[in-house]
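Take a look at the structure set out below.
The values are calculated or read from the model by the stated rules, or taken from the named source; none is laboratory data. Since we're looking at a predicted model, the values are computed, not measured. When we count neighbours, we look across all protein chains shown, and the Cβ atoms used for this are built from the backbone with ideal geometry, even at glycine. Please note that ligands, DNA and RNA were not included when accessible areas were found on the heavy atoms of the full protein model with its side chains. Shrake-Rupley method; radii C 1.70, N 1.55, O 1.52, S 1.80 Å.
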Amino acid sequence: MKAVVITQPGGPEVLQVQDRPQPKPGANEVLIRVAAAGVNRPDVFQRKGNYPAPAGVPTDIPGMDIAGTVVEAGANVTRWQVGDKVCALVGGGGYAEYCVAPEGQCLPVPDNVSMIEAASLPETFFTVWTNVFDRGQLQPGESLLVHGGSSGIGVAAIQIAKAMGSKVYVTAGSDEKCAFCENLGADTAINYNKHNFKELIMNLTDGKGVNVILDMIGGDYTPDNLHCLAEEGRLVQINAVKGNTVQVDIALVMRKRLTITGSTLRSRDTFFKAAIAQNLEKHVWPLLASGMIQPVIYETFAAEQVAKAHELMESSRHMGKIMLSFE
Ligand SMILES: NC(=O)c1ccc[n+]([C@@H]2O[C@H](COP(=O)([O-])OP(=O)(O)OC[C@H]3O[C@@H](n4cnc5c(N)ncnc54)[C@H](OP(=O)(O)O)[C@@H]3O)[C@@H](O)[C@H]2O)c1
């Protein structure tokens, strides 16, 4: 099969299409003929050698979300049959014509969603669900601040949180990105290059602060995030591109009874991921089918153009998801 391989740690040029043996599904897995794969920021970290794949998945083929057709089902698989159209969260190996996925990490492709669109969903939707709703416990009527509102993660967070009845604030790096986020449903988007998000959030919330923050920035954002949280607020960290080591005012955490938490999804076991899939199918898939939540594709590249896809991601010009097509 055709697969995109990280030939060595480095820039986008180290990604090359090679011939690889087709994987074989285990007893609880399906083999998927991949139509499309999502490009996610963690793929860039993996390509650079900073984010190794977990055990049990190919170490040099990136790709954590895919959509395609089931072509083989393992002996214990009960839900899926050959010919079913699914999208799946995988630990790696998604940038390839064929990929295996645990049965429980697959979801049906809604009729109104294309394969390219479906492949844009798993990594960001699983991440947003488990962090904003399971860890962050965002409730209807509460408010959420999402940093990086135009990212793949951001477009999922804005749409799901709005659909669940929350007020959503975001930050983004340009007026164009802010307008994009507000078009998607964000109540207010703050251009952090023009405005101090800490002051604006406090003004917008009448000095109360927000209930939950989904943050991928860390570093000097952390004290400002804690300042922006309401009493009993929850800060949920999914990355820290500005730095892992931060100074925290513990007295503020105590005074406002704050929770600081976070998680990484990739290393979690299949039971954990299958439980998220069940929640997504129950709460979010009907909203996709009704069109209330929509996949947001910025650009799709042929697999051979994968270096261009990674260059685009590193430029951060994109708004929404970057995709690879394997058809
Ligand atoms: N913990 C987990 O399980 C998990 C799972 C998936 C993803 N993530 C993390 O979530 C983040 C978003 O992922 P994604 O795939 O949605 O990425 P993405 O689409 O590339 O979005 C990242 C956005 O972050 C903003 N940003 C601000 N400062 C940045 C910096 N120093 N470097 C890079 N970006 C910066 C950029 O928007 P502006 O131009 O507006 O600043 C950029 O568009 C990544 O950091 C990723 O590692 C975590």
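Placing unit charges on the Cβ atoms only, positive for Lys and Arg and negative for Asp and Glu, gives the chain a dipole magnitude near 500 debye about its Cα centre.
Per the Kirkwood definition applied to all pairs of different Cα atoms, how many angstroms is the hydrodynamic radius of region 177-327?
Numbers: mean 1/r = 0.0545 Å⁻¹.
The Cα-based Kirkwood calculation yields 18.3 Å.
For the pair region 19-87 and region 95-111, the centres of their Cα atoms are 7 angstrom apart. With θ taken as phi - 60° and the Karplus curve 6.51 cos²θ - 1.76 cosθ + 1.60 applied, the whole-hertz 3J(HN,Hα) list for region 285-292 is 4, x, 6, 5, 5, 7, x, 5 Hz, x standing for glycine and proline.
How much of the accessible area of the chain, in percent, comes from carbon and sulfur atoms when a 1.4 Å probe is used?
On the way: 6720 of 13720 Å².
On the chain, the fraction of accessible area on carbon and sulfur atoms equals 49 percent.
Taking amide H atoms as placed 1.01 Å from N in the peptide plane, the amide H of residue 230 lies under 5 Å from those of 210, 211, each 5 or more residues away in sequence or on another chain. Given H placed 1.01 Å from N in the peptide plane, which residues other than close sequence neighbours of residue 147 have an amide H under 5 Å from its amide H? Amide H neighbours of residue 147: 171, 214, 216.
Relative to the globular-protein estimate of 2.2 N^0.38 Å, the Cα radius of gyration of region 125-262 stands at 0.93.
With point charges of +1 on the Cβ of Lys and Arg and -1 on the Cβ of Asp and Glu, referenced to the Cα centre of region 55-154, which listed residue (137, 67, 119) lies farthest in the positive direction of the dipole? Sorting the options by dipole projection puts first 137. Residue separation of residue 76 and residue 27 scaled by 0.36 nm, minus their Cα-Cα distance, works out to 17.1 nm of gained length. From its DSSP helices (H runs of at least four residues, each -39,500 (n - 2.57)), the chain gives a residue-normalised ellipticity at 222 nm of -8000 deg cm²/dmol.
Over 23 Å between Cα atoms, which of 85/282; 2/24; 48/242; 85/308; 162/282; 48/177 qualify?
85/308; 48/177
Per residue, region 125-262 exposes 42 Å² of accessible surface when a 1.4 Å probe is rolled over the protein heavy atoms with every protein chain present.
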